[in-house]
Amino acid sequence: MRAVVVYESMYGNTHLVADAIGAGLRPAFDVTVVPVAQAGPAILDGADLIVVGGPTHVHGMSRASTRKAAVEAADKPDSGLKMEPDALGPGLREWFDSVGHYPARAAAFDTRMQGPAAFTGRASKRVDRLLRAHGFDVVIEPESFLVTKQNQLMAHESARAREWGTKLAGLAARCEPSTQG
Ligand SMILES: Cc1cc2nc3c(=O)[nH]c(=O)nc-3n(C[C@H](O)[C@H](O)[C@H](O)COP(=O)(O)O)c2cc1C
């Protein structure tokens with residue numbers, strides 16, 4: 001079975017989480033972890049499971065304006081932030097505009113600041129809704145992984161992402177249609 005983890009990331013945290021989820025999905029799945037800018041139809045084609053995640057910006061999914069603000073924040077002296085190579089490309093919002101109806105199993109995740117989700121927002125809720133709207137069979141509740149105020153992934157979040165990937169692999173395998181093969 002093949003899984004694709006599609007991530008959007010400005011500062012690298014969502015990338016780290018995507019890699020950890022990918023590690024948790026192995027060895028149950030043949031896993032490809034790919035930035036959203038490179039997640040074209042050829043990579044998605046024939047995948048059994050698609051996992052999609054991005055950073056929470058202004059309580060939801062990023063937009064061109066919030067990505068610009070993220071670049072400006074990183075450009076400030078002493079920000080300590082390093083941009084991802086694909087950070088200036090399109091985000092998940094634009095990716096969903098180009099994804100047609102897709103019947104694969106799926107799951108959503110995000111990164112966000114620590115705190116009650118009612119205050120911080122969670123991009124994964126919207127990602128989850130868009131996955132369902134595009135016909136994906138979502139097999140797990142959306143999950144958030146937390147960063148510090150300095151935009152560093154909190155301790156243990158990589159390990160938690162890996163565990164979530166392992167749990168997701170079990171759920172997705174259980175949903176395998178019995179008619180296949
Ligand atoms: C413009 C901007 C807006 C943000 N808004 C929120 C927000 O509303 N809630 C929140 O929890 N985090 C917010 N954050 C923090 C991001 O969630 C955090 O930078 C992101 O999870 C880091 O992921 P990345 O390293 O993959 O870019 C914001 C960050 C930026 C740059």
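What the table below lists for this structure:
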{"quantity": "Of all accessible heavy-atom area on the chain, the percent that carbon and sulfur account for (1.4 Å)", "calculated": "54 percent"}
{"quantity": "Under Karplus coefficients 6.51, -1.76 and 1.60, residue-wise ³J(HN,Hα) of region 18-24 in Hz, glycine/proline x", "calculated": "4, 4, 5, 4, x, 5, x"}
{"quantity": "Global form of region 127-170, assessed from the alpha-carbon gyration tensor, a/c cut-off 1.5", "calculated": "oblate"}
{"quantity": "GNM flexibility winner over the chain from ALA39, ALA47, ALA118 (Cα, springs under 10 Å)", "calculated": "ALA118"}
{"quantity": "Helix-only [θ]222 nm of the chain, DSSP H runs n ≥ 4, -39500 (n - 2.57) each, per residue, nearest 500", "calculated": "-11000 deg cm²/dmol"}
{"quantity": "Nearest-10 value in Å² for the accessible area of SER158, using the 1.4 Å probe", "calculated": "50 Å²"}
{"quantity": "Computed E for GLN152/HIS59 - FRET, C-beta separation, R0 30 angstrom, nearest 0.05", "calculated": "0.90"}
{"quantity": "Surface accessible to a 1.4 Å probe, per residue, for the residues of region 51-118, Å²", "calculated": "53 Å²"}
{"quantity": "Simple label model, 7 Å out from Cα along Cβ direction - ARG129 to VAL71, nm", "calculated": "2.8 nm"}
{"quantity": "Cross-link reach list, lysines versus LYS167, counting only Cα pairs under 20 Å and skipping chain neighbours closer than eight places", "calculated": "LYS125"}
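The values are calculated or read from the model by the stated rules, or taken from the named source; none is laboratory data. Predicted model, so just to flag it, every value in this text is computed and none were measured. Neighbour counts run over all protein chains shown; Cβ positions are idealised from the backbone, glycine included. Surface areas here come from the heavy atoms of the whole protein model, side chains and all, with no ligands, DNA or RNA. Shrake-Rupley method; radii C 1.70, N 1.55, O 1.52, S 1.80 Å.
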